[in-house]
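The values are calculated or read from the model by the stated rules, or taken from the named source; none is laboratory data. Computed from a predicted model, the values in this text were never measured in an experiment. For neighbour counting, all protein chains shown are included, and Cβ atoms are generated from backbone atoms with ideal geometry for every residue, glycine included.
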Amino acid sequence: MSGVGQVVIAGEAQPAVQVRLNPEALAARGLGFAQISAALNSESALKPTGNLEGRRAEFPLDVNQQLTKADQFRKVIVAYSNGAPVELGDIATVADGPRNPRTGFWFGTKLAEVLLVFKAPGANTLKVVDRIQAMMAWRTMFSIITIASSTRNPMAIVSAISERLSML
């Protein structure tokens, strides 16, 4: 787009399965945090797909790529206790979420993705803003998209420039 020097996408979240172990459920079955981590990692793996979190430790999970949703993980047998299979869902809360829930961009109370638009050197700021707003007009077709600008109103920019020029 004419006048735009660079666009950066920020705040995107990679999907992952979040596992929060229940220490009481583990203790009742004589299981440990590391044992569950090893059981999940033994499913295979080429790259980390999330984290296994406890109160005092955190382990990366390397799990078979065929398992992608929390519902699938809940049914994974992670151990046997007194001869009975223990599914992950029996000892943990398992939910779909972002790979790293501590990062991202927040818009109010919602996780969001951001387009950082930098104008090209020498470009007219107001024209660039007008072009971007015209290009984003399609956004009304999608109710899940909210467009918000972190820059001041273009008319405020015009007013500020006019005020500075009148001082010269």
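Structural remarks
- Residue that is modelled with the highest pLDDT [pool: residues in the range 108-135 that are loosely packed, with under 13 Cβ neighbours inside 10 Å and in a strand (DSSP E or B)]: PHE118
- When the residues of the range 79-102 are filtered to those that are surrounded by 12 or more Cβ atoms within 10 Å (Cβ to Cβ) and in a loop (DSSP other than H, G, I, E, B), the one that is modelled with the highest pLDDT is ARG99.
- For the range 1-32, a residue qualifies if it is surrounded by 15 or more Cβ atoms within 10 Å (Cβ to Cβ) and closer than 30 Å to MET135 by Cα, and the qualifying residues are GLY3, VAL4, GLY11, ALA13.
- Matching entry among ASN51, ASN22 (being modelled with pLDDT of 90 or more and not assigned by TED's automatic domain parsing to the domain that holds VAL129): ASN22
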